[in-house]
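**Q** Submitted below is the structure of interest, expressed as structure tokens.
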Amino acid sequence: MNPAPLVERWLLEGAQESGLQLTREQVALFLRYRDLLRVANRTYNLTALGSDEEIIIKHFLDSLSGRLLFHPHPGETVLDLGPGGGFPSLPLALVDESFPLLLLEPRQHPADFLEQLIATFSLGKALVVRQRAETFARGAGREAFDWVLARAVARLNVLLELSLPLLRLDGHLLAWKGDQIGEELADAEYALEELGGEVEAIRSLTLPHWGLERNLVLVRKVRPTPERYPRRVGIPQKRPQLGSHLHMSPIISLTARSKSPSASK
């Protein structure tokens, strides 16, 4: 049996759950992305890969689910923090090339692969910068972006210290989180208050076929981040912000979990 039609169906149906109607041309781009990822991963071990189903659902569709809360206005700038194999920003860019995108990736092999993807897919508004977030946020990147996207980077309290200094006032961090979101939010209370963030929305969903819980957390920057942040390289991870002053928006939107018909297994 030719698996190609099944893979295409996973993409088309899964994207629809995020409000996207993929064209056949876009499906072909994702299949090409899958092939390039497999080739590069044999040499560089960019990310954990399994079956086609796992790549499509756990990487591509998980990334595309961000469209539920990611709504950049024309001209707004976007930074992907530690994208590794290109997630979540490059799947999002394959369906919408309108936003300027910077991929902040300090590691050589992932950065090389990201540049290969940008060239392959002619993503003219995308650029790779090879720096650590702690360094970039103390230079050209400070308060330079309207959006920061982060998937599988760090716990929320650490992520806030790495990302909020990069955001302009009223900019947004969109973080992809798993089923420990309650614990992560509790641990991030002090960091939100200290760094000038406010949880604006949380969207819960379940990835199709795999039944994995995901939570998209949208944080708005409501106050300037003190100049002392981020701390020097490695310190946010070693000594994360902890405390108990949660600052959440009164209009926080916690949606009901959305499930596909096949997500119950």
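Just so it is clear, none of the values below were taken in a lab; they were calculated from the coordinates. Every value quoted in this text rests on a predicted model; they were computed, and no experiment measured them. Every residue, glycine among them, receives a Cβ derived from its backbone with ideal geometry; neighbour counts consider all protein chains shown.
**Q** In nm², what is the average projected area of the convex hull enclosing the Cα atoms of segment 157-203?
**A** On the way: hull surface 12.8 nm².
Over all viewing directions, segment 157-203 projects a mean Cα-hull area of 3.2 nm².
**Q** Using just the helices of the chain, give the 222 nm mean residue ellipticity in deg cm²/dmol: DSSP H runs with n ≥ 4 each add -39,500 (n - 2.57), and the total is spread over all residues, rounded to 500.
**A** Numbers: 9 runs with 84 residues, N = 265.
After summing the helix terms and dividing by residue count, I get -9000 deg cm²/dmol.
**Q** Using only Cα atoms and rounding to the nearest 10 degrees, what angle (0 to 90) does helix 4-16 make with the longest principal axis of the chain?
**A** 40
**Q** For helix 108-120, what angle does its Cα long axis make with the longest principal axis of the chain, in degrees from 0 to 90 and rounded to 10?
**A** Approximately 60 degrees, to the nearest ten.
**Q** Further question on the same structure: Considering all alpha-carbon pairs of segment 143-182, what whole percent are spaced by more than 15 angstrom?
**A** Values: 280 of 780 pairs.
In whole percent, the share of Cα-Cα pairs in segment 143-182 beyond 15 Å is 36.
**Q** Modelled label-to-label distance, Ser51 and Lys238, 7 Å Cα→beta-carbon offset: nm?
**A** 4.3
**Q** Excluding Leu127 itself, calculate the net charge of residues whose Cβ lies under 12 Å from the Cβ of Leu127, where each Lys or Arg counts +1 and each Asp or Glu counts -1. Let's see the in-between values first.
**A** Details: positive: Lys125, Arg130; negative: Asp80, Glu105, Glu115.
Result for the neighbourhood of Leu127: -1.
**Q** Can you list, largest first and rounded to whole Å, the semi-axes you get for the chain by taking the square root of 5 times each eigenvalue of its Cα gyration tensor? Don't jump to the answer; show the numbers that get you there.
**A** Working: eigenvalues 173, 94, 53 Å².
Semi-axes from the Cα gyration tensor: 29, 22, 16 Å.
**Q** Now a separate question. Counting only C-alpha contacts under 8 Å and six or more residues apart, can you give the relative contact order of segment 125-242 as a whole percent? Before the final figure, lay out the partial values.
**A** Details: 210 pairs, mean separation 35.1, N = 118.
Relative CO of segment 125-242 lands at 30 percent.
**Q** Which residue, Trp147, Trp176, Trp210, has the most motion in a Gaussian network model of the chain that connects Cα atoms within less than 10 Å?
**A** Among Trp147, Trp176, Trp210, the largest mean-square fluctuation in the Gaussian network model of the chain belongs to Trp210.
**Q** Under 14 Å from the Cβ of Leu31, count the other residues' Cβ atoms, weight Lys and Arg +1, Asp and Glu -1, and hand me the total. Walk me through the numbers on the way to the answer.
**A** Working: positive: Arg9, Arg24, Arg32, Arg34, Arg38; negative: Glu8, Glu25, Asp35, Asp52, Glu53.
Charge balance in the 14 Å sphere: 0.
**Q** Between Arg168 and Arg130, what is the spin-label point distance in nm, taking each point 7 Å from the Cα along the Cα→C-beta axis?
**A** Reported label-point gap for Arg168 and Arg130 is 3.0 nm.
**Q** Right, another one. Just want the ordering: Lys238, Lys58, from fewest to most Cβ atoms lying within 10 Å of their own Cβ. Please report the intermediate quantities before stating the final value.
**A** On the way: Lys238 8, Lys58 21.
Final ranking by Cβ density, sparse to dense: Lys238, Lys58.
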